[in-house]
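The values are calculated or read from the model by the stated rules, or taken from the named source; none is laboratory data. Small disclaimer: the values here were computed from a predicted structure and weren't measured. Here the Cβ is made from the backbone with ideal geometry for all residues, glycine too, and neighbour counts use every protein chain on show. Note: accessible area is taken over every heavy atom of the protein model, side chains too, but ligands, DNA and RNA are not part of it. Shrake-Rupley method; radii C 1.70, N 1.55, O 1.52, S 1.80 Å.
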Amino acid sequence: MIDMKRALPRRTFLKGAGAAIGLPLLDAMVPAFAAEAPKAKRLGFVYLPNGVAKNFTGIDYWTPKNVGKLSELSTILAPLAPYRDRLTVISGLAARVAEANAEDGATGDHTKATAAWLTGVRCRRTEGADIEAGISADQIAASVLGLETALPSLELSIDLSVLAGMCDSAYSCVYLNTLSWSTPTTPLPSENNPRVVFERLFGNGGTNEQRAAQARQDRSILDFVGADFARLTRDLGPADRVQVDEYLSAVREVERRIETVERLGADAGLPALERPSGIPEVFGDRVKLMYELQWLAFQADVTRVVTFMLGRELNFRTYPEIGLTQGHHTMSHHMERPDMIERYAKLNTYQTDLFASFLNKLASTPEGNGTLLDQSLFLYGAALSNPNLHAHFDLPVALIGGPAGSGGRHTLVPSNTPMSNLLVTLLDRVDVPVERIGDSTGRVELDPSGSV
């Protein structure tokens, strides 16, 4: 009789004093002679602040020229060329709930755009604690996809979430600091410190003081699980041993990079607020490290839902590493000048290039009969289109991921189709049942057959 039981459960951890590390999907976790490995679907949301390089008089570095088959990518999306057949660009979506009305006039556009991106809801105008928006799509997904993972979801950012009070025309700063809302009145804070994220993924509890003390030790987190690792490897086949070795080497490399950054931060003698330990100074290095943590989290199946803000609306970060020394928000107000729009496109393309590197890691990481990218789907885009006008229509959004051949199209939806229609469609694709999000009126048809 054939034994179809797994030799190892999917939720296997290496454990030691004060540490626990999840493992990637191994052959030993798959039933013998099974047709295919179990699929763990993952969902990511990558947010571009302050819109993208486009206006409405013909200069558009985001939108592909042709509707239908993606024969040519735009300048900003060009770094995604290796994954063209997994990419679907959607044009025509809007977040009209974030536009001016009689109550607040033409104010708070950045705040309302951020709050509505994953909720489809107009946030309450307040500077106090009585904030309100709506349940976000990532948290709807986490309520299903997160049932079997250590963390239901992971909320990441690049900017510090230290702003408080009023940030944008009598709107609370809370709205700018996160995309995620577990209830209409409960925003989930985002984390920008790689060290904190790493310990949240792979630590095993304890107080903040205990975790900080452990972080200061010279030993790697892997040293704490060495005995368990030795026991496990005795029962693994050669291919699984290689995969576990590669995965744990990646964990140690992330540790090394974080520790290097922390040492530099301490030696520089700068104020903690300007250069917190564990946070690289260069934007690109910071983003790459955060993407690497997401890759580790997906590989170990610690979480299956991630939101990642590449910046906060109204931020004034500069990007000297690519020759851009003007503040981000200032650059976004391009005054409809072609030279300034072109300059802003350079930043947007840089953001996409960093995202493409992350996709490369997912695509090169085996899982079952495919790769991590085969089992992952990302919403990539912004909550404003032409930032010079704070435009809440024709939003720049794209879906990417899944198996090869699942995309390769530029879809034009009817003008002013609610952005939240796409969120409902996105959740359909990862088998999360939902009929409505915010102002949604239906679903978005993504291919000629009408299927989603």
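Structure data summary
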quantity	calculated
Meets criteria (more than 24 Å from THR178 (Cα to Cα), assigned to a loop (DSSP other than H, G, I, E, B) and open to solvent by 10 Å² or more (accessible area, probe 1.4 Å)) for GLU281	no
Residues of the stretch 106-141 satisfying the condition of being within 17 Å of the chain's Cα centre (by Cα), closer than 16 Å to VAL424 by Cβ and not acidic (Asp, Glu)	ALA116, TRP117, LEU118, THR119, SER136, ALA137, GLN139, ILE140, ALA141
Residue that is nearest to GLN299 (Cα to Cα) [pool: residues in the stretch 349-374 that are of a type in the set (S, T, N, Q) and in contact (Cβ under 8 Å) with a residue 40 or more places away in the chain]	THR365
Residue within the stretch 423-432 that is free of Cβ contacts under 8 Å to residues at least 60 places away in the same chain, open to solvent by 60 Å² or more (accessible area, probe 1.4 Å), under 16 Å from ARG42 (Cβ atoms) and not in a loop (DSSP other than H, G, I, E, B) present	yes
Among (1) within 28 Å of GLY284 (Cα to Cα); (2) of a type outside the set (A, V, I, L, M); (3) in contact with a strand residue (DSSP E or B) (Cβ under 8 Å, 6 or more places away or on another chain); (4) not in a loop (DSSP other than H, G, I, E, B) - the single one SER415 does not satisfy	(1)
Residues within the stretch 386-412 that are under 25 Å from ARG86 (Cβ atoms) and either part of a loop (DSSP other than H, G, I, E, B) or hydrophobic (A, V, I, L, M, F, W, C) (or both), tallied	15
Filter result for GLU435 (loosely packed, with under 14 Cβ neighbours inside 10 Å and more than 27 Å from ILE341 (Cβ to Cβ))	yes
Residue in the stretch 439-446 that is in a loop (DSSP other than H, G, I, E, B), crowded, with 24+ Cβ neighbours inside 10 Å and modelled with pLDDT of 95 or more present	yes
Boolean, THR119 is β-branched (Val, Ile, Thr), in contact with a Ser or Thr (Cβ under 8 Å, 6 or more places away or on another chain) and surrounded by fewer than 23 Cβ atoms within 10 Å (Cβ to Cβ)	no
Residue tally, condition aromatic (Phe, Trp, Tyr) and open to solvent by 10 Å² or more (accessible area, probe 1.4 Å), over the stretch 369-420	1
Filter result for LEU154 (under 24 Å from LEU423 (Cα atoms) and either within 15 Å of the chain's Cα centre (by Cα) or modelled with pLDDT under 95 (or both))	yes
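To keep it simple, each residue is scored yes or no on (1) aliphatic (A, V, I, L, M); (2) surrounded by fewer than 24 Cβ atoms within 10 Å (Cβ to Cβ); (3) in contact with a Gly (Cβ under 9 Å, 6 or more places away or on another chain).
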{"site": "GLU103", "(1), (2), (3)": "no, yes, no"}
{"site": "THR114", "(1), (2), (3)": "no, no, no"}
{"site": "ALA137", "(1), (2), (3)": "yes, no, yes"}
{"site": "SER157", "(1), (2), (3)": "no, yes, yes"}
{"site": "LEU160", "(1), (2), (3)": "yes, yes, no"}
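Residue-wise test of (1) in a helix (DSSP H, G or I); (2) within 30 Å of ASP245 (Cβ to Cβ).
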| position | (1), (2) |
| --- | --- |
| ASP339 | yes, no |
| LEU347 | yes, no |
| GLN351 | yes, no |
| LEU354 | yes, yes |
| SER357 | yes, yes |
| LEU362 | yes, yes |
| TYR380 | no, no |
